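Worksheet: one structure, shown below.
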Amino acid sequence: MTRQTLVLGRLFDIRVGVHVSWLAVYAFMTIALARALGMLPQPEAYAFGAVCALALFASVVAHELAHALVARRFGVRTSAITLFLFGGVATLEDEPSTPRTDALVALAGPAMSAALAVLGLVLMVGLDRALPGGALRDALGLLGTYVVLANGVLAGFNILPAYPMDGGRVLRALIWRRTRNRDAATNAASRVGIAFALLFVAAGVLVVAATHELLYGWYVILGAFLLRQGSSQERATRTTPVTPDGEAIAAA
Ligand SMILES: [Zn+2]
């Protein structure tokens, strides 16, 4: 954790904090979601946006905790979970020692996000049946939709085989198991990761050029970040939040 990190507390004996860059994400998400909900009176829309942003925060922490707790199960401690501009990071104090444990630790995060998406969907259907029609049911329905989409994106995006994202770590573990050489596997997975990063940059530039929607420039920034971070040992999670109407907005 750096000096720009605010420590919020401890969960399962792991420090949980937010880097100041996450606060920008939080403000942006609240405003973007409030704008997407233009049909509500302004204060309610902003309050609702803030609740959704809080749900995103909890979803990313749950994703990182899944990595950390599975790593602990295999004897690797996690000193901190930090949320930052691009999502979350679980700082593992060591690398898992076998390809199998490395893959299981990597899969735990997306598995948690996928499980939360399914749980959200089940809860939504249940509440929709249990509650009478009205503003409360509508608001819970929107929040549920956001939670399901955000966790679905957290699972789907991070499982892309773009090292050092989770899917890239699974790819590295598979190569590691075949070659029995972790460094060679890391190099091979990193090359795939760099290809994905370049793809994000190119796709971002093309979409911005085609739509003149500057928000999609986010993918250019994300690609550049992935390029720079290709060799990092941190287990980071990328988030690409989604507004309730299903449009991917360019945040975190
Ligand atoms: Zn992850």
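The values are calculated or read from the model by the stated rules, or taken from the named source; none is laboratory data. This one's a predicted model, so the numbers in the text were calculated from it and none came from an experiment. Using ideal geometry, Cβ is built from the backbone for each residue, glycine included, and neighbour counts are taken over all protein chains shown. Please note that ligands, DNA and RNA were not included when accessible areas were found on the heavy atoms of the full protein model with its side chains. Shrake-Rupley method; radii C 1.70, N 1.55, O 1.52, S 1.80 Å.
Confirm whether S59 is within 16 Å of the ligand (Cβ to nearest atom), at pLDDT 80 or above and in a helix (DSSP H, G or I).
Numbers: within 16 Å of the ligand (Cβ to nearest atom): yes; at pLDDT 80 or above: yes; in a helix (DSSP H, G or I): yes.
Answer is yes for this residue.
Given the criteria within 17 Å of the chain's Cα centre (by Cα), surrounded by 15 or more Cβ atoms within 10 Å (Cβ to Cβ) and at pLDDT below 50, does I221 qualify? Show your work before the answer.
On the way: within 17 Å of the chain's Cα centre (by Cα): yes; surrounded by 15 or more Cβ atoms within 10 Å (Cβ to Cβ): yes; at pLDDT below 50: no.
Taking the combined requirement at face value, the residue does not satisfy it.
Looking at (1) open to solvent by 40 Å² or more (accessible area, probe 1.4 Å); (2) away from the ligand (no atom under 15 Å from the Cβ), can you tell me which one M29 breaks?
Exception for M29: condition (1).
Would you please list the contacts, defined by Cβ atoms under 7 Å and residues six or more apart or on different chains, that run from a residue in the range 162-184 that is closer than 13 Å to T98 by Cα to a residue that is hydroxyl-bearing (S, T, Y) and not in a helix (DSSP H, G or I)?
Cβ pairs passing all conditions: R169/Y163; R172/Y163.
Given L116, L160, which one is within 16 Å of the ligand (Cβ to nearest atom), within 24 Å of A195 (Cα to Cα) and open to solvent by 10 Å² or more (accessible area, probe 1.4 Å)?
Details: L116 fails: within 24 Å of A195 (Cα to Cα).
Unique residue meeting the criteria: L160.
Select, from T78, T98, the only residue that is over 26 Å from G223 (Cβ atoms), of a type in the set (S, T, N, Q) and more than 16 Å from the ligand (Cβ to nearest atom). Walk me through how you get there before you give the answer.
On the way: T78 fails: more than 16 Å from the ligand (Cβ to nearest atom).
Of T78, T98, the one residue that is over 26 Å from G223 (Cβ atoms), of a type in the set (S, T, N, Q) and more than 16 Å from the ligand (Cβ to nearest atom) is T98.
Looking at (1) in a helix (DSSP H, G or I); (2) open to solvent by less than 30 Å² (accessible area, probe 1.4 Å); (3) in contact (Cβ under 8 Å) with a residue 40 or more places away in the chain, which one does G144 not meet, given that it meets all the others?
(3)
Is there a residue being at pLDDT 50 or above and either open to solvent by 40 Å² or more (accessible area, probe 1.4 Å) or among the aliphatic types (A, V, I, L, M) (or both) anywhere in the range 232-241?
No, the conditions are met nowhere in the range 232-241.
Taking the condition of a type outside the set (D, E), free of Cβ contacts under 8 Å to residues at least 60 places away in the same chain, within 29 Å of G168 (Cβ to Cβ) and assigned to a helix (DSSP H, G or I), does A47 pass? Even if it seems obvious, please write down each step before you answer.
Values: of a type outside the set (D, E): yes; free of Cβ contacts under 8 Å to residues at least 60 places away in the same chain: yes; within 29 Å of G168 (Cβ to Cβ): no; assigned to a helix (DSSP H, G or I): yes.
No: the conditions fail for A47.
Name the residues in the range 68-109 that are assigned to a helix (DSSP H, G or I) and open to solvent by less than 10 Å² (accessible area, probe 1.4 Å), would you?
Filtering the range 68-109 for residues assigned to a helix (DSSP H, G or I) gives 68-73, 99-109.
Those that are assigned to a helix (DSSP H, G or I) and open to solvent by less than 10 Å² (accessible area, probe 1.4 Å): A68, A71, D102, V105, A106, G109.
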